[in-house]
1. Taking only the stretch 2-42 into account, find how many residues are part of a helix (DSSP H, G or I) and either open to solvent by 90 Å² or more (accessible area, probe 1.4 Å) or touching a Pro at 6+ places or on another chain (Cβ under 7 Å) (or both).
2. Out of all the residues in the stretch 135-173, which are in a helix (DSSP H, G or I), open to solvent by 20 Å² or more (accessible area, probe 1.4 Å) and under 20 Å from ALA125 (Cβ atoms)?
3. Looking only at the stretch 178-234, count every residue that is under 29 Å from ASN85 (Cβ atoms) and among the hydroxyl-bearing types (Ser, Thr, Tyr) and tell me the total.
4. Being touching a helix residue (DSSP H, G or I) at 6+ places or on another chain (Cβ under 6 Å) and either over 23 Å from PRO265 (Cα atoms) or free of Cβ contacts under 8 Å to residues at least 60 places away in the same chain (or both) is the filter here; which residues of the stretch 348-383 pass it?
5. Filter the stretch 265-291 for residues that are crowded, with 21+ Cβ neighbours inside 10 Å and farther than 15 Å from GLY309 by Cβ and give the result.
6. If you check every pair at least six apart or on different chains, which have Cβ atoms under 9 Å apart with a residue in the stretch 307-330 that is over 13 Å from SER269 (Cα atoms) and at pLDDT below 95 first and a residue that is open to solvent by 20 Å² or more (accessible area, probe 1.4 Å) and not in a loop (DSSP other than H, G, I, E, B) second?
7. State all residues of the stretch 315-355 that are within 14 Å of VAL86 (Cβ to Cβ) and in a helix (DSSP H, G or I); if no residue qualifies, say none.
8. Considering only the stretch 18-33, I want to know if a residue exists there that is in contact (Cβ under 8 Å) with a residue 40 or more places away in the chain, within 28 Å of ILE235 (Cβ to Cβ) and more than 17 Å from the chain's Cα centre (by Cα).
Amino acid sequence: MNSYIQHLACSNCDATYPHTEPQNVCHLCGKPLFARYSLDQLKDNWKPDDLHTRPNSFWRYKELLPIQNDEDIVSLGETVTPLLNVNRLGAQLGLDNLWIKDESRLPTGSFKARGLAMAVSKAKALGIDKLAIPSAGNAATALSVYAAKAGIPAYIFMPKDTPAFNQKTCELAGANVTLIDGLITDAGKIVANRKINKGWFDVSTLKEPYRVEGKKTMGFELAEQCCWELPDVIIYPTGGGTGIVGMWKGFKELERIGWISKKRPRFISVQSSGCAPIVKAWEDGKSDAEPWQDADTIASGLRVPQAIGDFLILDAIRESNGAAISVSDGEIVDAMKLLPTTEGLLTCPEGAATVAALQPLLTDGLIGPSEKIVLFNTGGFQA
């Protein structure tokens, strides 16, 4: 690998930390840490043409990834996910240039493979020997299989009503699974309270620096697939929000090395009306979100009452002149039927939420009929 990583820096107070030691959040303010790279040096030494002979995998962007040695990569055959033109769905809604980035093609069936492949690879490099995660489902599956591949024990804490698929896949991969009464935030408290005594390294969303580095590769792939000209709008289902945070970070890095212009897509965050803390904060003009009470939705990945990166999600939405919108579970169910019947694509409830948001966004003038719009389907259908 030829990583240009320099150090870690707090996303809030800019305190710096070495990337050569295990790190979770900032010791001073408790906010997420970001990997920082030698971008000025990289600008002179890395060009888009260098990608032409590289494998069709997100590891192709190795210079802007935190893994320094090839032998530390923990891979299950990750691929660049397709960007699909959904013209029949677009025509039905009056949208001329509608696309879906389909993350269900990754090894574990969801975008969580990106972040956990990166986090487990870095854990292996740092000699970490126990990993723990609270999860609403897909992240648990991803950690379980990547940790199994790396030979690192995984400790999983999930709500009892987490989809059966995720419970079973974690068990099949040999993870230590605990089902709890409560939500992902309750699972997170268990990990936080026990990790020191148990010797676990916490890989919760944005409570370690490397899952976001995996997620930003969605933005790298999208930019490359669009010939380094970003779309007008990205519509993204938002729970913990690492995807938005990661892509926003990645776009800034690509601009710094001269691969893209200053143009940014408007980020539109989609949540369920049964759990919409980011939407409420955006509507109220707040810089962070209050915990959502009595969170309830069929989209388990959107059932995140409080996200540690709320201020980063809201920053990306506002800096991009974007928006946040909620849709009902009924609308999500209808969208899960609409996408297969028009395009033959099966989607998770979270991905369907972005489809459900299209009509109200168009009606409210938040998207335009001729704009290039990219939806993210973050995972595959699970019975």
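The values are calculated or read from the model by the stated rules, or taken from the named source; none is laboratory data. Keep in mind that this is a model prediction, so the values were computed, not measured. Cβ placement follows ideal geometry from the backbone for every residue including glycine, while neighbour counts extend to all protein chains displayed. Side chains included, ligands, DNA and RNA excluded: accessible areas come from the protein's heavy atoms. Shrake-Rupley method; radii C 1.70, N 1.55, O 1.52, S 1.80 Å.
1. 2
2. Passing the criteria: VAL145, ALA148, LYS149, ALA150.
3. Total meeting the criteria: 1.
4. Within the stretch 348-383, PRO349, ALA352, GLY380, GLN382 meet the criteria.
5. PRO265, ILE268, VAL270, SER272, CYS275, ALA276, VAL279
6. Within 9 Å, the pairs are ILE308/VAL25.
7. Selection gives ALA335, LEU338, LEU339, PRO340, THR341, THR342, GLU343, GLY351, ALA352, THR354, VAL355.
8. yes
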